[in-house]
Amino acid sequence: MPVDPLLSQYSDLLFEGTVVVYLLAMVFSAVEYVTARQSTPAAEPAEVVAVAATSAEPVAVSGSAGSAGSAADEIPPPPVRTPKPERSRADRFGRMAVSLTILGVLLHLGSIALRGLAAERWPLGNMYEYTSAVCLAAMVAWLVVLQRGAGRSRGIRRLGVFLYAPILVLMVLAGTVLYAQAAPVVPALQSYWLVIHVTTITLSTGLFIVPGVASILYLMKRSGRPAGFVAKLPAQETLDRLAYRTTVVAFPMFTFAVICGAIWAEAAWGRFWGWDPKETVAFISWVVYAAYLHARATAGWRHAPAAWINIVGLATVIFNLFFVNMVIAGLHSYAGLG
Amino acid sequence: MSTTIPAPPAAAPPPPHRTRAVLAFARNAWRGLTSMRTALVLLFLLALASLPGALLPQRSLNAQLVDQYFADYPQLAPLLDKVGAFEVFATPWFAAIYLLLMISLVGCLTPRTVEYWRAMRQRPVATPRNLARMPHHAVDVVEGTPDQVLDRMDAQLKGWRRVRSADTISAEKGYLRETGNLVFHVSIVGLLIAMAVGKLFGYEGQVIVLANGSQFCNTSILGYDSFRPGLQVDGTELAPFCIQVNSFQADYLSNGQPEQYRAQLGYQTAAQVESGDAADWQDYELAVNHPLRIDGERVYLLNHGYAPRFTVTWPDGTQRTGEIQWQPVDLRTYLSQGATKFERPGIADPAERQRSSIAVTGLFAPTSSGGQVVTSTFPDLLAPEAAVDVMRGDLGLDDGRGQSIFSVDQSKVDSGELTRVARENMVPGQSITLDDGTQIRFDDVTQWVALQISHDPGQEAVLVFALLMLGGLALSLSIKRRRFWVRVTPEGEGRSRVELGGLARTDRAGYGEEFDRLRTTLTDLLEPTGSGAR
């Protein structure tokens, strides 16, 4: 067997390490959520002022004459330098959760890369590897969301715990039920389209988790119950925007992935589309997300119904990932669970 | 898709009451059908209608699973079958949903395209009086006269469509969003038409060819083992190319998992065949993921298997050699079963000829386990052995009824017209001698390949439309249609008061960051004298 057992073992170790680090990140993030004060009405404007101040600062420096100097005097010192003790504890835990996530993502990447090296192929050949990569994609998407200015300033970070939890469930599932030894793949999978099609499908699946979670939280916030719980969630508008902005990235990527799949199917199976169960459910997901985008532009649909549609979309994607691979017989049955 | 449809122009003479009612009904129906709400509902119906296609076995994919379903659920299955649940994507109700969706789409696109052309030539709207009401708003006081300020602003707003008047600029950007939107939706219609063309004029056929230099020519449907024609295909106009399968190799891992399948082909295009240049075979290595493309036809390697070769020598010295594919029954080990059938030559009396026909049936193991009961342990041809029953009697080949090439007609066995005369395990080179002196020799094993020949005249167009869809989608989702206004009023002492307003027209995602960036670059340039209120 052209598989390096040592590398494969290291890959598994890294995977276990990743799970532990994500678990810690979730705990820290949960502490952040619990210790955070309600809905940040105070924190939010303060940070906006901070942003405005920093953007004005270079202006003041480069500005000529005394009038510019007086303008600089008017700018209040950035509130970051005057930490409020109540907020900083939550903030500290939140930052640690993010740092841990970065560490986890690096370990995760290492685990997947070693797996590929061990089997001498692209590391997306069975359900274990696929699920693991979906989780990585979701985590990276989350870090990117946090990296964007809007993500940091509106209390989005404290949503982390609601993302870490499902990701951890997926990771544990991947490491136990779905686990498969590193091995080469069957001839039908030996194509550079595996790299393109499966990678983009994985990325978009991972990305879809973020808007799905945001939509669930949006509906909870909207219903206002349980009151103590949802009080700490960011504003409805913020959650809705998070869902929309991640969906409009994931949806074209998913479309691209499906088109690549069709091109590959034409070369491997003799037709570009054949209503194989996996193709059918991918079509359903596509239609549902298309409905989401339309719903957001339709009066009477753009609030709760749109969020529900997004959740249904995620449900179909998850259904496609697990049920179709493991229960329904089709051409895509490469789960490696035989 | 639009939510509003411009009202059709009123007819000049007032029509009679009934006609008006009919017109009103038609108009309302049309408006209802083309409304976004209907489109949404149709999208849901489409998703819902596809669901049984994934959950229930489908005839077009796997007829055996459908039969199994009938056996498992004898009550439910016939009901499901009646509504077409086993061929969802060919049912009238599925077609009705997507056709309605297409009509809705076209009904939406037409007025929207007209609107689009109008909008593309329109100037940006006049600056609203109260910019403070806009979602994005800022005020700055800067150095310079209003004219100077507007000049610089104008230069900064390159790429925006803008109108300048004495004290304001109204700018708009993001027209490509609607372009992308229209391209996306028009491409969906194009994609469906291209797919329909493929379904009408395409075909798909499967054939098994021995990998020993045997040939297959795409001349008629009869050459195929199974053939699925498009609705407009009658099999008279196939492109008559020929292929010759010279050899087949399979590589396996030590656990029996296949690693690579390859078939060495020679082929002649239809043009070469027609010109009669028969000696000129071009070589091609056919593999999984690596089909042979000849003009509009594609040849795929689907499967492979074994064909044991037997030679029967009758007591009078006449000989017949038979070699036909046996069917793999275990795809892991390629244990195969089959029946190689022989009619005795040189016998004038048909009854006598029938009575002395011979069939060699049984199991074939490419890598035999050895021992009394032969089974296969590995899919490669390492230690071939066949466990055969030799049958003699009437095979029923002249009955005019079709029979499987993989087995003998069981009714002939039951009626005693066909009897077993020997049972033996054989390796290549071994022979059996029957009671009447007939000798049966297991000569060798040949490999066969199952090929699929596909023809789809629409698929290039499908690809083009799919890529256009993707491009249009990316444009329409990444670009925001937005407006930006500047109003400048003199503040005295050579200063100006600049008021900015911004509005994203298309969704609630806003364009706050870009507005702030614009504001900063604009006011940076103008050496601000104070940071304004938002």
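Put the Cα centre of the range B:44-121 next to the Cα centre of the range B:310-355 and the gap is 48 Å. Entry note, chain B: relative contact order of 19 percent, from Cα contacts under 8 Å with a spacing of 6+ residues. Less than 14 Å Cβ to Cβ from B:GLY393, Lys/Arg counted +1 and Asp/Glu -1: what total charge do the surrounding residues give? Neighbourhood net charge equals -4.
Using a probe of 1.4 Å on the protein chains alone, the accessible area found for B:THR321 is around 80 Å². Mean sequence separation of contacting Cα pairs (under 8 Å, at least six apart), scaled by the length of the range B:20-118, corresponds to a relative contact order of 38 percent. Placing a pseudo-label 7 Å from each Cα along the Cα-to-Cβ vector at A:GLU237 and A:LEU173 gives an inter-label distance of 3.6 nm. If you plug the beta carbon distance of B:GLN282 and B:ALA29 into 1/(1 + (r/R0)^6) with R0 = 56 Å, you get a FRET efficiency near 0.45. Computed extension length for B:ALA21-B:GLN264: 80.4 nm, one decimal, from 0.36 nm per residue of separation with the Cα-Cα distance subtracted. Indicate the gyration tensor shape class of the range B:201-351 (rounded, prolate or oblate), computed on the Cα atoms with a ≥ b ≥ c the square roots of the eigenvalues: a/c under 1.5 is rounded; otherwise a/b larger than b/c is prolate and the rest oblate. In terms of gyration-tensor shape, oblate.
If amide hydrogens are placed 1.01 Å from N in the peptide plane, which non-local residues have theirs closer than 5 Å to the one on B:THR367? Correct list: B:THR377, B:PHE378, B:LEU382, B:ALA383. Only protein atoms count toward the accessible area here, which uses a 1.4 Å probe; on the range B:8-149, the carbon and sulfur part of that area reaches 65 percent.
Stretched out straight at 0.36 nm per residue, the stretch from B:GLN410 to B:ASP295 would grow longer than its current Cα-Cα span by 36.9 nm. Amide H contacts of B:HIS136 (H built 1.01 Å from N, in plane; Pro and chain starts excluded): B:GLY502 sit under 5 Å, all sequence-distant by 5 or more or on other chains.
Surface analysis of the range B:305-447 yields an accessible area of 46 Å² per residue, using protein heavy atoms and a 1.4 Å probe. Electrostatic bookkeeping for B:VAL299 treats Lys and Arg as +1 and Asp and Glu as -1; over the other residues with beta carbon under 14 Å from its beta carbon, the sum is -3.
Take each residue in B:43-50, count the other chain C-beta atoms within 10 Å of its C-beta, and the mean is 6. Between A:HIS303 and B:LYS480, what FRET efficiency comes out of the Förster formula 1/(1 + (r/R0)^6) with R0 = 30 Å and r the beta carbon distance, rounded to 0.05? So the FRET efficiency works out to roughly 0.90. At a 1.4 Å probe, what is the % contribution of carbon and sulfur to the accessible area of the range B:273-324? Answer for the range B:273-324: carbon and sulfur cover 43 percent of the accessible area.
Computed from backbone phi, the HN-Hα couplings of the range A:129-137 come to 5, 5, 5, 4, 5, 4, 4, 4, 4 Hz, rounded to whole numbers (Karplus: 6.51 cos²θ - 1.76 cosθ + 1.60, θ = phi - 60°; Gly and Pro given as x). For B:VAL421, nonlocal amide neighbours, meaning residues 5 or more places apart or on other chains whose placed amide H falls under 5 Å from its own, are B:VAL390, B:MET391, B:ARG392.
Residue by residue along A:297-308, Cβ atoms of other protein chains within 10 Å of the local Cβ number 2 on average. Modelled label positions at A:VAL20 and A:LEU331, each set 7 Å beyond Cα in the direction of Cβ, lie 4.4 nm from each other.
Note on A:GLN181/B:SER220: beta-carbon distance plugged into 1/(1 + (r/R0)^6) with R0 of 45 Å gives a FRET efficiency of 0.40. Taking the helices alone, the protein assembly as shown has a mean residue ellipticity at 222 nm of -15500 deg cm²/dmol, built from -39,500 (n - 2.57) per DSSP H run of at least 4 residues and averaged over all its residues. Each of B:SER496, B:ALA387, B:LEU76 was scored by the projection of its Cα onto the charge dipole of chain B, and the greatest displacement toward the positive side belongs to B:SER496; charges sit on the C-beta of Lys, Arg, Asp and Glu. Average accessible surface for the range A:212-338: 34 Å² per residue, computed with a 1.4 Å probe over protein heavy atoms with every protein chain in place. Between B:ALA119 and B:LEU200, the modelled labels are 3.4 nm apart [label points 7 Å from Cα along Cα→Cβ]. Listed values for the range B:47-62 are Karplus-derived 3J(HN,Hα) couplings in whole Hz (6.51 cos²θ - 1.76 cosθ + 1.60, θ = phi - 60°), namely 5, 5, 5, 6, 4, x, x, 8, 8, 9, x, 10, 4, 5, 9, 7, and x replaces Gly and Pro. Interface of A with B. Using a 1.4 Å probe and counting protein heavy atoms only, the two chains hide about 5000 Å² of accessible surface, both sides summed. For B:ALA96 and B:GLN439, the difference between the fully extended length at 0.36 nm per residue and the C-alpha to C-alpha distance is 117.1 nm. Using the 1.4 Å probe convention, the accessible area of the range B:20-118 works out to 57 Å² per residue with neighbouring protein chains retained. In the range B:305-447, taking the dipole from charged Cβ atoms about the Cα centre, the farthest positive-side position among B:THR318, B:ILE440, B:TYR306 is held by B:TYR306. Other residues with beta-carbon under 15 Å from the beta-carbon of A:ARG271 carry, at +1 per Lys or Arg and -1 per Asp or Glu, a net charge of -2.
The values are calculated or read from the model by the stated rules, or taken from the named source; none is laboratory data. Bear in mind that the values here come from a model prediction, so they are computed numbers and not experimental data. Here the Cβ is made from the backbone with ideal geometry for all residues, glycine too, and neighbour counts use every protein chain on show. SASA here: full protein model, heavy atoms, side chains in, ligands and nucleic acids out. Shrake-Rupley method; radii C 1.70, N 1.55, O 1.52, S 1.80 Å.
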